[in-house]
Each structure stands twice: as structure tokens, then as C-alpha cells.
1. In segment 240-294, what count of residues is obtained for those that are of a type in the set (Ser, Thr, Tyr) and farther than 29 Å from ASP126 by Cα?
2. Which one is surrounded by the fewest Cβ atoms within 10 Å (Cβ to Cβ), of the residues in segment 324-340 that are among the aliphatic types (A, V, I, L, M) and farther than 30 Å from GLY404 by Cα?
3. If a residue must be in a loop (DSSP other than H, G, I, E, B) and surrounded by fewer than 22 Cβ atoms within 10 Å (Cβ to Cβ), how many such residues does segment 236-269 contain?
4. Looking only at segment 173-187, count every residue that is at pLDDT 95 or above and either of a type in the set (Ser, Thr, Tyr) or outside the structural domain of ALA231 (by TED's automatic domain parsing) (or both) and tell me the total.
5. Could you pull out every one of the helices (runs of 4 or more DSSP H) wholly within segment 338-451 that has 3 or more residues that are within 26 Å of GLY204 (Cβ to Cβ)?
6. For ASP258, are the conditions met, namely being assigned by TED's automatic domain parsing to the domain that holds ASP212 and over 28 Å from the mean Cα position of the chain (by Cα)?
Amino acid sequence: MPHHQFDLFVMGCGPAGQLVANSAVKAGLSVGITEATTYGGVCPNRGCDPKKVHYGVAKAMVSLQRLQGKGLNGIPKVNWANLQAWKTSFTEDIPEETEKGLLEKGVKCFKGQAVFTGPHEIAIGDDITIRAEKVIVATGGMPAPLDIPGKEHYLDSAGYLEMESLPERILFIGSGYIGASLSQISCILGAEVTVIASDDSPVGHFDHDLNDMWTKAAEEHGITFHFSSKATKIEKISSGLKVTCTPEEGDDFAVEVDAVIHCAGRVPNVKGIGLDLAGIDFSDKGISVDPQLRTSVSAHYAIGDCTDAAPSLTPVATYQGRLLSDNLFAGKNRKADYKPIPTMAMIEPPIAGVGMSAKEAEDDDRDLKIKFEDTTEWFTSRHLNCEVSGYKLITDPENDLILGAHLLGPNADEVINFFALAIAEKIPIKRLQHMILAYPTATSDVKKMLG
């Protein structure tokens with residue numbers, strides 16, 4: 001049985017794990033890394049990056065649909081095979097190129113699930129044992145278990161991105177970042193779409209009023225939503241699949257479709273990897289870490305979606321990877337400072353948010369201002385014939401600061417970063433109002449929002 005010993009070993013080869021491994025070997029340490037699935041991690045291989053390729057095509061299609069009779073006539077046909085080939089051109093080389101890059105830097109690469117067998121001991125399969133002084137757990141997240149009768153009939157979001165054809169009728173279980181995006185992409189590209197969501201809105205992480213605006217527009221384009229409901233059974237029938245659904249109120253109902261996609265959330269990938277044998281504290285929310293990303297075992301650290309420290313987002317994971325690398329290999333003593341984190345969903349038009357929510361503002365003791373406005377008739381939306389747009393700002397008039405920004409509309413996914421910078425750096429509103437911004441752009445609307 002081959003045995004290996006390292007100064008530092010990384011469990012998981014997503015962007016954050018790679019960052020720490022590369023930094024460690026640059027600092028002169030002996031470093032090993034393993035990946036249970038695909039080198040490169042979820043986001044580049046089977047998550048947000050390939051999904052954005054699909055989103056780009058759907059966005060182009062909906063833009064053409066909106067401008068019919070306004071300078072354009074005719075809608076192109078969707079070629080799913082071509083789309084999948086285009087998507088694959090972004091993903092097919094990632095595993096090999098990622099592993100090659102690590103090997104060239106001097107990192108020893110393994111393939112397989114790493115499992116702790118002791119405080120510093122790890123096994124990969126039945127044949128490889130490893131001992132490491134420091135271990136970085138970067139095992140990421142995984143689809144939340146959906147243990148219902150007929151679960152063998154559904155695909156998860158990664159399976160959706162590998163489909164050889166677009167089914168005529170699709171039911172999405174769950175919404176949120178993933179479900180809202182894939183359901184709308186499917187609808188735009190020609191599928192009949194039903195969404196079963198346990199929440200009362202499709203993208204519940206975002207502002208409720210903006211959610212309502214987008215939901216109405218999405219329904220008008222053909223998506224059928226069943227909120228506050230759960231899928232409870234999937235059956236194979238002659239015409240496809242039958243999904244039984246249970247609402248919080250009322251009787252069960254059934255939907256017949258050709259495909260079922262599970263998008264009901266993701267959970268930290270922390271079970272079955274021997275954390276208890278290493279003495280590392282964890283729960284269903286992830287591995288417990290302190291502000292310097294130390295676990296309950298001082299020699300070991302955890303970063304990314306497998307922790308309970310911050311939202312499960314790729315930029316958060318890479319931020320944690322940089323912080324940890326600075327502390328371990330550059331003599332720094334940084335602590336995680338999760339300033340307001342901007343988020344967005346790849347829907348059309350996009351929705352985004354950063355900072356304080358309206359609910360938090362209402363519960364705050366300060367005299368804060370909440371400003372909500374429908375901007376569908378503003379030039380930024382109207383020149384694209386965009387069906388709906390709006391914003392909500394949370395401001396502190398006494399201190400002249402923006403505390404929260406919530407956007408729906410063209411380029412909201414880009415403009416939100418402007419607000420994130422303003423909030424994080426506490427730039428006074430008056431200073432923002434006096435800035436000269438490029439016009440006509442979506443960002444130039446910021447001054448209008450600020451009044």
C-alpha cells in the first residue's frame with residue numbers, strides 16, 4: 001500500500017483548494033491534493049460557468065424576442081446540440097489543464113475521495129495512505145438530498161447541463177439561484193416549464209418586491225410556478241414522468257412532464273470524510289471555523305462551501321483561500337472580514353443584491369430610508385423593451401451612506417458591484433452624486449436612484 005507524507009495536504013481541488021496548494025508549494029512546503037470528482041471544482045466544470053454559457057444564449061434569444069417589430073423580424077431556431085458543444089468547449093479541458101498546472105508547480109496530485117482515519121492520517125480508496133502535518137478541507141458542496149419515491153428519475157443541475165436534447169416539458173424541484181436560472185433558460189429556449197418551490201418566491205435570497213415583479217413577468221412568458229409546495233413522488237408513466245406535489249394548503253396535485261430537475265438547494269460536503277476521526281467539529285451547516293479559518297483541530301483548516309462561515313459562493317471561497325495563504329505562508333495575521341457580499345441570479349432580467357435588506361432596515365432602530373421604484377419606463381429598460389425593472393435602496397440619511405442595494409433589470413448583475421464598493425468603502429452619497437459617470441449606461445442610473 002503506497003504511503004505518502006506531506007507538510008500540507010488539500011482535500012478538494014476547486015478554485016480555493018488550488019489557490020492554497022499553489023501558495024504552499026511556492027513557500028517551499030511538500031504539498032499533495034486530491035479531488036473526488038473532477039479537477040477544477042464545481043463552478044468551472046458543472047456549475048456557474050457552463051450555466052452562464054447557456055444563459056448567454058438564452059439572453060440573446062430573449063433580446064431578439066423583445067425587439068420583434070422594433071427593427072428586427074424573425075426568431076432563430078434553437079440548436080441544443082450546438083449549444084452543448086459550445087458549452088463543452090469551455091469545460092472539456094479544465095480537469096486536465098488544472099491537474100497539469102498543479103503538477104508543473106510541484107504539487108502531488110491524487111484522484112479519489114480523501115477520508116480521515118486519524119488526526120493527521122488520510123486514506124484515498126483502499127490503496128493509498130497519507131500523513132500530513134496540516135490539512136486543508138476544501139470539499140465544497142453537493143446537491144441537498146431529495147429522498148422521495150422515484151428519486152432515480154430526476155437529474156440534478158449538473159445532469160441538466162449534460163442533457164443531449166432539451167425536453168419538451170420540464171419540472172424543476174426548487175428555485176433559488178440555480179432553479180430560477182435553469183427554469184427560465186429552458187422556457188426561453190422553448191420548453192414548457194413548471195417550478196415547484198417550497199418558498200413563497202422564486203429567488204427568495206433577493207428582495208421580495210423585486211421577486212414579485214420578476215415572477216409576474218416570468219409567468220406571462222409561460223413559466224408555471226407552484227409556491228409553498230413540495231414534490232413528494234416521481235413515477236414513470238407511458239408519456240414520461242408524473243410528479244405528485246403537496247402544497248402547504250389544499251390537495252395534492254400531479255404534473256406530467258418529460259424530465260425532472262432537482263434544484264432544491266445545496267449542502268456542505270462534510271459527511272463520510274472522517275471528520276469525527278480527525279476531531280474536527282462540524283454540523284449540517286458545515287465545518288466550524290474561526291475567523292482565521294482554523295477548525296477545532298488547530299493544525300487543520302477549512303475553506304469554501306464546506307464551512308459554516310459565510311455564503312456558499314465561489315468568490316467567498318477564493319477570498320478565504322487568499323486569506324489562509326497569507327496567514328500560513330506570508331506571515332500575516334488576517335481575520336475574515338465578510339464585508340457586504342454582492343450576489344446575483346442569472347435570470348432575465350437579472351436580479352442582484354448587496355448589504356442590508358428592507359426587512360433588516362424596518363427592524364433597525366435608526367431612522368433609515370427605504371426607497372423602492374419601478375424603473376420599467378426608464379431609458380435603460382425601455383430601449384431594450386425589457387418587460388420589468390426596479391430597485392430598492394436602503395440609506396442612512398444621518399450619515400449619508402448607502403446600507404443596501406437591490407436591483408432588477410438590464411445589467412443589474414454588473415451595477416451591483418458599484419453599490420458593493422460604495423457600501424464596503426462607506427463612500428458618502430454626496431460624493432457618489434457628484435461623480436461623472438459614462439452615459440448612457442446602466443451605471444449612470446445610480447445617480448438617479450440616489451435622487
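The values are calculated or read from the model by the stated rules, or taken from the named source; none is laboratory data. These figures come from a predicted structure and were not determined experimentally. Positions of Cβ are generated from backbone atoms using ideal geometry, with glycine treated the same way; all protein chains shown enter the neighbour counts.
1. 2
2. Checking each candidate, the answer is ALA330.
3. Adding up the residues that qualify gives 9.
4. Result for segment 173-187: 3.
5. 358-363, 412-424, 445-450
6. Judged against the criteria, ASP258 is not a match.
Let's see how each residue does on (1) farther than 23 Å from ILE351 by Cα; (2) buried (at least 16 other Cβ atoms within 10 Å of the Cβ); (3) aromatic (Phe, Trp, Tyr):
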{"residue": "THR139", "(1), (2), (3)": "yes, yes, no"}
{"residue": "PRO145", "(1), (2), (3)": "yes, no, no"}
{"residue": "PRO149", "(1), (2), (3)": "yes, no, no"}
{"residue": "TYR154", "(1), (2), (3)": "yes, yes, yes"}
{"residue": "GLU168", "(1), (2), (3)": "yes, no, no"}
{"residue": "GLY174", "(1), (2), (3)": "no, yes, no"}
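Condition check ((1) at pLDDT 95 or above; (2) assigned to a loop (DSSP other than H, G, I, E, B); (3) over 29 Å from HIS54 (Cα atoms); (4) not assigned by TED's automatic domain parsing to the domain that holds LYS134) across all residues:
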residue	(1), (2), (3), (4)
THR194	yes, no, no, yes
SER198	no, yes, no, yes
PRO202	no, yes, no, yes
ASP212	yes, no, no, yes
ILE234	yes, no, no, yes
LYS271	yes, yes, yes, no
